[in-house]
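Right, one structure below, let's go through it.
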Amino acid sequence: MSIAQLARKNIQVLTPYQSARRLGGKGDVWLNANEYSVSPDFNLTDRTFNRYPEPQPQNVLHAYANYVGVQVENLLVSRGGDESIELLIRAFCEAEDAILYCPPTYGMYAVSAETCGVKVKTVPLTTDFQLDLSEIDHNLSGVKVVFVCSPNNPTGNLIERTHIIQLLEMTRNKAIVVIDEAYIEFCPQATFVNELKNYPHLAIVRTLSKAFALAGLRCGFTIANAELIQILQKVIAPYPLPVPVSDIATQALSAEKVAEMRSRVKKLLNDRTFLINQLTELLQVEKIFPTEANYVLVKFKNGNETFKWLWEKGVILRNQHQALGLQNCIRITIGTDDENSKLINLIKSMC
Ligand SMILES: *Cc1c(COP(=O)(O)O)cnc(C)c1O
């Protein structure tokens, strides 16, 4: 008997999440994980390394509550947004229950569900990457958690507000609706935080990994009504946040650092327009999809070839060729001016 056979059946057959880091690559231009290209700088101020941390560090909660405009009771802080996704599944799904999500979208919903031994239902997005509400309605039986990513990763578009409202109405008293707002700082007006008062079954996932430029910190949040947050409190690990993480997260959420984040976003949105204009000129580009996030989905005439050419030249992007309906598409994170122009020049030099 091998050790592998001792593992749970669902783990034996599980394909782990193909994270950008796991896929590897060798280069100096990393535009494959929607990270920010430059690290912000912090000093540690809390040196109580001998003590267990607070289960939910109050400084972080107060700072984030202030940033979002909610109460501390509406927040859970966790090890990245990814932990929030898993906690929601663990807290609400029995083995016979299912989650529902709409591909092409973020891969962690499926991986987390499979890890937990929970069923997965998929209802593909429409050709314009919106929710297929009637199909969702037909597939809701046995579904306990519905994931909606807006802006959607990897397509970049927002999901229509009125459609999400309809989804919230059709799932009332049946299922939790999770809106993944990992990229909301790039289009803050689109948040659903103001709908929390209307929907006890709404949960919003947030992160410091994207606009706050702190993917290495591993800090994320769930925003929801107090009753839902209390359920998640039951399943989260006793000390999810290391002392250095809460120390830096608190600093990153100060008024000064939030203002820095907003100006970083403002510059990125300009750079995005500039990059898109340059991409439009390229012979190899077939289509550029509208985006509200810090990345852009581009359809090439030969996506695989373009991806490999750039990979070999040390410009690492995210190939979406295998994603549902995204043949020949590549997701490109907006980088620094130098990174963006290196990318453009390399594609130009291909033909
Ligand atoms: C990056 C991302 C997250 C969360 O990332 P963490 O680094 O775990 O906070 C969640 N959802 C989507 C769609 C993302 O792209």
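Here is the figure for region 91-120: residues that are surrounded by fewer than 21 Cβ atoms within 10 Å (Cβ to Cβ), in a loop (DSSP other than H, G, I, E, B), more than 16 Å from the ligand (Cβ to nearest atom) and not aliphatic (A, V, I, L, M) total 4. For the residues V123, V177, V146, the requirement of being more than 23 Å from I229 (Cα to Cα), away from the ligand (no atom under 14 Å from the Cβ) and under 21 Å from the mean Cα position of the chain (by Cα) singles out V123.
May I ask you to list the residues in region 28-85 that are in a loop (DSSP other than H, G, I, E, B), among the hydrophobic types (A, V, I, L, M, F, W, C) and farther than 28 Å from V118 by Cα? Scanning region 28-85 gives L31, V38, F42, L44, F49, V70. Taking the conditions (1) on the phi < 0 side of the Ramachandran plot; (2) modelled with pLDDT of 95 or more in turn, N173 satisfies each one other than (1).
The values are calculated or read from the model by the stated rules, or taken from the named source; none is laboratory data. The model shown is predicted, which means the values in this text are computed figures rather than measured ones. Positions of Cβ are generated from backbone atoms using ideal geometry, with glycine treated the same way; all protein chains shown enter the neighbour counts.
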